[in-house]
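Engineer: Before I ask anything, let me first share the structure, which is written out below as structure tokens.
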Amino acid sequence: MTADYFASEDLTQETFLSAYNHLKDFDGKHEKAWLCRIATNKCLDYVQSAGRRSIPTEDTGIEETMGRGQSFDNTPEQSYLEEEVRETLLARCRSLKPPYDEIARAYYYDEMDVSEIAAARGMKVKTVQTQVYRARSMLRRLYGKEKGA
């Protein structure tokens, strides 16, 4: 419904979060239809509203790609692959134009949160959030070009 893979991932998470938060209101019948209706409404809201233009406060997509938060046996192969992913990420961050290069590196590579970046750079949190959002969009395009090649 959204024609955007990343947006659909976010909306899926929002759907299950909403279902969990409203579980007490659920009567126990037609759970599949209930969940599908929540998902449909989330998608319609996304398409019709300015939701796709909102500024993210967290980004888990790249974190999942890098394997943070997961427990792995730290084999030499796994260590090498993780390092390769981090090196590629750093190279992509450096290829962005200023100030997005520094913001992307701090947020995605150095794993600083928005408030830490804002404090370190003497900027407003909303400004940093906007720059993270734009850097994320630029990185998506760079990674997308790599997949298409």
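The values are calculated or read from the model by the stated rules, or taken from the named source; none is laboratory data. These numbers come from a predicted model, not from an experiment. Cβ atoms come from the backbone with ideal geometry, glycine included; neighbour counts cover every protein chain shown. For accessibility, only protein heavy atoms count, side chains too; no ligands or nucleic acids. Shrake-Rupley method; radii C 1.70, N 1.55, O 1.52, S 1.80 Å.
Engineer: State, to one decimal in nm, how far the label point of His22 lies from the label point of Arg141, with both points 7 Å from Cα in the Cβ direction.
Structural biologist: 3.7
Engineer: Among the chymotrypsin sites (Phe, Trp or Tyr not before Pro) within the range 71-110, which fall in a DSSP loop and have no more than 14 other Cβ atoms within 10 Å of their own Cβ? Show your work: numbers first, answer last.
Structural biologist: Values: sites: Phe72, Tyr80, Tyr100, Tyr107, Tyr108, Tyr109; in loops: Phe72.
Listed in order of number, the matching sites are Phe72.
Engineer: Based on the Cβ-Cβ distance from Arg134 to Ala91, what FRET efficiency comes out when R0 is 22 Å, to the nearest 0.05?
Structural biologist: According to the calculation, E is roughly 0.75.
Engineer: Something else about it: Return the distance in nm (one decimal) between the two label points of a simple spin-label model at Trp34 and Ser8, each offset 7 Å from Cα along Cα→Cβ.
Structural biologist: It works out to 2.6 nm between the two label points.
Engineer: Roughly how many Å is it from the Cα centre of the range 115-134 to that of the range 89-108, as a whole number?
Structural biologist: So the separation of the two Cα centres works out to 13 Å.
Engineer: Something else: So how exposed is Arg141, as accessible area in Å² (1.4 Å probe, rounded to 10)?
Structural biologist: The accessible area of Arg141 comes to roughly 140 Å².
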